[in-house]
1. Quick one: what are the phi-derived ³J(HN,Hα) couplings along region 202-207, Karplus 6.51/-1.76/1.60 with θ = phi - 60°, whole Hz, x for glycine and proline?
2. I need the phi-derived Karplus couplings for region 54-59: 6.51 cos²θ - 1.76 cosθ + 1.60, θ = phi - 60°, integer Hz, Gly and Pro marked x.
3. Between 0 and 90 degrees, rounded to the nearest ten: what's the tilt of helix 96-105 against the longest Cα principal axis of the chain?
4. To the nearest 0.05, how large is the calculated FRET efficiency for residue 77 and residue 242 if R₀ is 41 Å and r is the Cβ-Cβ distance?
5. As I understand it, the value is the acute angle between the Cα axis of helix 126-137 and the longest principal axis of the Cα atoms of the chain; what does it come to in degrees, rounded to 10?
6. Any idea what the dipole of the chain comes to, in debye rounded to 20, about its Cα centre with Lys/Arg Cβ at +1 and Asp/Glu Cβ at -1?
7. Can you put 58, 73 in order, fewest other beta carbons within 10 Å first?
8. When the chain is treated as a GNM, springs tying every alpha-carbon pair under 10 Å, which of 175, 228, 32 comes out with the largest mean-square fluctuation?
Amino acid sequence: MIMSTPSKRAVTAVIVVAAGSGERLGYGMPKAQVPLGGETILMHALRGVVASDVARQICVAVPKGDTALRESISEFTIDLVDGGPEISVVDGGSSRADSVRAAMAALEDGTELVLVHDAARALTPERVFQRVSDALASGAKAVIPTMPVVDTIKTVAETNGSDASIAPEVVTGTAPREQLRAVQTPQGFELAVLRRAHEAAGLFDDKQSAAVTDDAMLVELLGVPVHAVRGASQSLKITTPLDLIIAEGLLEGPLGIRWVEG
Ligand code: C5P
């Protein structure tokens, strides 16, 4: 693989989507604002992006009407050294895809590549950003970080008729585990490709829109190959209270977070 040097790298932006409500975490505040190891989830995510040194611009989508996250981003920006990335903030939308679209509209002219990252993956290591960025520099139009799946995954359907009294669901198939991957962020794209993918999604009905859980899915529908690089175990998406306990444990562990494989 041909590695890029920073000076030759195409102009790259990172979109950090942080506009989710975080209801499943049960903190009564946007998830990005929830404390983790003495900081907020968003600050951990932003530090990871800056440390990876892949971006010229970082655009953060925050919940509409938010002031606390905007203030913390301003303070974070002041602390950045000269020559660091430009940081901008936009109001997110009612779905993740709407938040991505709002941030894409705010990217600087001349941006060629974009990485879209969930703030909820607060502990994503720098090397995952770099792997995604390097694959784009090697010619990929779309790249996602993935991890092997440890559980056996089955498809199910709601049980009908008399069997409904036995159990609510019945198994309809078993996917071959060696072909399955758990998908993480940051997902990297040629900006023109991601824009085209989101434009196509503008024609979706409500049911189709609700089924969109990542950006790569939309790019797959265009027929553009999506390449996969290795993600990292500590890049878990903080969604439930258990995830937060695991993330705290990773930060506080005696060997530190860098110990974790990936
Ligand atoms: O809800 P979920 O955990 O799938 O959200 C993934 C990421 O997308 C989170 O970082 C969340 O803040 C972001 N998001 C967003 N705008 C929304 C919904 C989710 O930026 N409307």
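Just so it is clear, none of the values below were taken in a lab; they were calculated from the coordinates. Values in this document were obtained by computation on a predicted structure and should not be read as measured data. Quick reminder, even Gly has a Cβ in these numbers, built from the backbone with ideal geometry, and neighbours come from all protein chains shown.
1. Residue by residue, region 202-207 yields x, 8, 5, 7, 4, 5 Hz.
2. Running phi through 6.51 cos²θ - 1.76 cosθ + 1.60 with θ = phi - 60° gives 9, 10, 8, 10, 10, 10 Hz.
3. The two axes meet at around 20 degrees.
4. 0.80
5. 90 degrees
6. Value, rounded to 20: 540 debye.
7. Numbers: 58 27, 73 23.
Going from least to most buried by this count: 73, 58.
8. Ranking 175, 228, 32 by mean-square fluctuation puts 175 first.
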